[in-house]
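Here's the structure, in structure tokens; my notes come after.
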Amino acid sequence: MPYFDAASAAPLHPVARQALLAALDEGWADPARLYREGRRARLLLDAAREAAAEAVGCRPDELVFTSSGTTAVHAGIAGALSGRRRVGRHLAHSAVEHSSVLHAAAAHETDGGSVTEVPVDRSGAVDPAVYGDALRADTALACLQSANHEVGTEQPVAEVGALCAEAGVPLLVDAAQSLGWGPVPAGWSLLTASAHKWGGPAGVGLLAVRKGVRFAPR
């Protein structure tokens, strides 16, 4: 029977299952320790980070693992807003972002920040020019998903990323729905993803932060 809800979660891939079982057997120790088991766990962790970074298109030291894609989104938004607080407290995002982005934006607004929600057209896509108009001198962060999790619309990440770069605003891309099917277009400054969307284990999120982005982990 065909499975049509891979946008929500995909079955564990056989290679991912093999890697997970190996990690459970060989990587159970604290990777920060210097004894043999700890070093073995560290090697497995470093190998996983390098493989994930290659898939994302970033350096291994720009990527961290989180407990979920939602956690990655919240950590990315909070860290970028905190790191760029001197620039301003304005956040821009599309109207069709994942609920994790919308909830983070609502919390930011409750905390005294300002938020602009960029509308989309009938197909669910943003107009890059309209998105660019939403950027202000006090914009600390912009958010745009790479593909929609309900209707599958691909967003113009490269075009919006170019406008953000011109305005000096970092762009956070939620790539949970697309990273398993291909690389994310250039132009992002922060990227989040979730492994279980494309056959990885549940409970693994990814957060990539480009070098040079002002970021204050919270």
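Below are the figures for this structure:
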item	result
Residue ID - surrounded by the fewest Cβ atoms within 10 Å (Cβ to Cβ), chosen from residues in the stretch 167-194 that are in contact (Cβ under 8 Å) with a residue 24 or more places away in the chain and assigned to a helix (DSSP H, G or I)	167
Elements of type helices (runs of 4 or more DSSP H) contained in the stretch 18-120, each with 3 or more residues being more than 26 Å from residue 150 (Cβ to Cβ), of a type in the set (D, E, K, R) and without any contact (Cβ under 8 Å) to a residue 40 or more places away in the chain	36-56
Residue selected from the stretch 50-86 under the condition surrounded by fewer than 17 Cβ atoms within 10 Å (Cβ to Cβ) and touching a Pro at 6+ places or on another chain (Cβ under 6 Å), by the criterion farthest from residue 214 (Cα to Cα)	50
Matching option when the condition is of a type outside the set (Asp, Glu), closer than 18 Å to residue 170 by Cα and surrounded by fewer than 21 Cβ atoms within 10 Å (Cβ to Cβ), among 99, 123, 114, 94	114
Residue match in the stretch 130-137 (condition: under 20 Å from the mean Cα position of the chain (by Cα) and among the small types (Gly, Ala, Ser))	no
Count of residues meeting criterion [touching a Phe, Trp or Tyr at 6+ places or on another chain (Cβ under 9 Å) and part of a strand (DSSP E or B)] in the stretch 125-166	3
Yes/no for residue 216 being touching a strand residue (DSSP E or B) at 6+ places or on another chain (Cβ under 8 Å) and part of a loop (DSSP other than H, G, I, E, B)	no
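Here is a yes/no grid of residues against (1) modelled with pLDDT under 95; (2) under 22 Å from residue 104 (Cβ atoms); (3) out of contact with any helix residue (DSSP H, G or I) (no Cβ under 7 Å at 6 or more places or on another chain):
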residue: 152; (1), (2), (3): yes, no, yes
residue: 157; (1), (2), (3): no, yes, yes
residue: 161; (1), (2), (3): no, yes, yes
residue: 165; (1), (2), (3): no, no, yes
residue: 171; (1), (2), (3): no, yes, no
residue: 199; (1), (2), (3): yes, no, no
residue: 205; (1), (2), (3): no, yes, no
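The values are calculated or read from the model by the stated rules, or taken from the named source; none is laboratory data. Since the structure is predicted, the reported quantities are computational estimates derived from the model, not experimental observations. Every residue, glycine among them, receives a Cβ derived from its backbone with ideal geometry; neighbour counts consider all protein chains shown.
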